[in-house]
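Colleague: Supplied in structure tokens, the structure appears directly below.
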Amino acid sequence: NAGVTQTPKFQVLKTGQSMTLQCAQDMNHNSMYWYRQDPGMGLRLIYYSASEGTTDKGEVPNGYNVSRLNKREFSLRLESAAPSQTSVYFCASSEVSGGGSYEQYFGPGTRLTVT
Amino acid sequence: AQSVTQLGSHVSVSEGALVLLRCNYSSSVPPYLFWYVQYPNQGLQLLLKYTSAATLVKGINGFEAEFKKSETSFHLTKPSAHMSDAAEYFCAVSALSGSARQLTFGSGTQLTVLP
């Protein structure tokens, strides 16, 4: 049981390049989330998917797109990377069904640098 | 809308001393509240959660937190700090948005434990 996995762990991009961050969970959770973490700002929600087939914007969606490929996988795409997108990206999942306490389980993160 | 304020971005304590990390929240509905811990270069790990049962919540590694509705607080405590407690701690509040539970995080408190 690996929980939430993310690839890659590290990435360096040049301005204007594109890339996709991958996330998978093996806990059969319905909801998945993408956050970015910047010093002194906590975690900010980029996009989330309440269930397979749905996605919604979070607090800071500009410059990103997401795909909920199936129940297990939720990817984050940067179409044209900018230095302001240098950050640590975390994927998380949770169960929202009745009786759940809704805590989110986090992956180990992807450290992205855009030069 | 909900928000979280963590007082003190950096807290230092001596080994064996009391740890007190402060968290105040605002929420228009009864909240679910969480404390997460992040060790260097790792993802977030759940320490404890409040989900409207007992107001004093016990978590892992000897931490506990008390929900005080009148003060809109959920402070994290540990009677005796250990060197291994050095990490960043995040308070979060959860509210239902559409069909998903979103977490709103505080900006984090970096805990240093002095020998």
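The values are calculated or read from the model by the stated rules, or taken from the named source; none is laboratory data. Worth saying up front: this structure is predicted, and the values here are computed from it rather than measured. All Cβ positions, even for glycine, are placed from backbone atoms using ideal geometry, and neighbour counts span all protein chains on display.
Colleague: Just to verify a result, which residue in region B:1-50, among those that are β-branched (Val, Ile, Thr) and touching a residue at least 60 places away in the same chain (Cβ under 8 Å), is surrounded by the fewest Cβ atoms within 10 Å (Cβ to Cβ)? If you could, list the steps in order and put the result at the bottom.
Modeller: Of region B:1-50, the ones β-branched (Val, Ile, Thr) are B:4-5, B:11, B:13, B:19, B:29, B:37.
Pick out the ones that are also touching a residue at least 60 places away in the same chain (Cβ under 8 Å) and you get B:4-5, B:11, B:13, B:19, B:29.
On the way: B:VAL4: 23, B:THR5: 14, B:VAL11: 18, B:VAL13: 19, B:VAL19: 19, B:VAL29: 8.
That would be B:VAL29.
Colleague: Right, here's the next one. For the list (1) surrounded by 17 or more Cβ atoms within 10 Å (Cβ to Cβ); (2) more than 14 Å from every other protein chain (Cβ to nearest Cβ); (3) more than 26 Å from B:VAL113 (Cα to Cα), I need the number of the one condition that B:GLU71 fails.
Modeller: (1)
Colleague: Out of region A:44-60, which residues are more than 25 Å from B:PHE90 (Cα to Cα) and of a type outside the set (Gly, Ala, Ser)? Before the answer, list the steps.
Modeller: Applying the first criterion (more than 25 Å from B:PHE90 (Cα to Cα)) to region A:44-60 yields A:51-55.
Answer for region A:44-60, where residues must be more than 25 Å from B:PHE90 (Cα to Cα) and of a type outside the set (Gly, Ala, Ser): A:GLU52, A:THR54, A:THR55.
Colleague: May I ask you to list the residues in region A:58-101 that are within 11 Å of another protein chain (Cβ to nearest Cβ), in contact with a Leu (Cβ under 9 Å, 6 or more places away or on another chain) and over 17 Å from A:THR7 (Cα atoms)?
Modeller: Those that are within 11 Å of another protein chain (Cβ to nearest Cβ), in contact with a Leu (Cβ under 9 Å, 6 or more places away or on another chain) and over 17 Å from A:THR7 (Cα atoms): A:GLY58, A:GLU59, A:SER94, A:VAL96.
Colleague: OK, next. Among the candidates B:GLN110, B:GLN42, B:GLN38, B:GLN2, which residue alone is under 30 Å from A:THR7 (Cα atoms), over 10 Å from the mean Cα position of the chain (by Cα) and modelled with pLDDT under 95? Break it down into steps so the answer makes sense when it comes.
Modeller: Values: B:GLN110 fails: modelled with pLDDT under 95; B:GLN38 fails: modelled with pLDDT under 95; B:GLN2 fails: under 30 Å from A:THR7 (Cα atoms).
The match here is B:GLN42.
Colleague: Pick from B:GLU64, B:GLU15, B:GLU88: which is of a type in the set (Asp, Glu), touching a helix residue (DSSP H, G or I) at 6+ places or on another chain (Cβ under 8 Å) and at pLDDT 95 or above? Even if it seems obvious, please write down each step before you answer.
Modeller: Numbers: B:GLU64 fails: touching a helix residue (DSSP H, G or I) at 6+ places or on another chain (Cβ under 8 Å); B:GLU88 fails: touching a helix residue (DSSP H, G or I) at 6+ places or on another chain (Cβ under 8 Å).
Just a single option satisfies the conditions, and that option is B:GLU15.
Colleague: Scan region A:33-54 residue by residue and report those that are β-branched (Val, Ile, Thr) and surrounded by fewer than 19 Cβ atoms within 10 Å (Cβ to Cβ). Outline the logic, then answer.
Modeller: Of all residues in region A:33-54, those β-branched (Val, Ile, Thr) come to A:46, A:54.
Of everything in region A:33-54, just one residue is β-branched (Val, Ile, Thr) and surrounded by fewer than 19 Cβ atoms within 10 Å (Cβ to Cβ), namely A:THR54.
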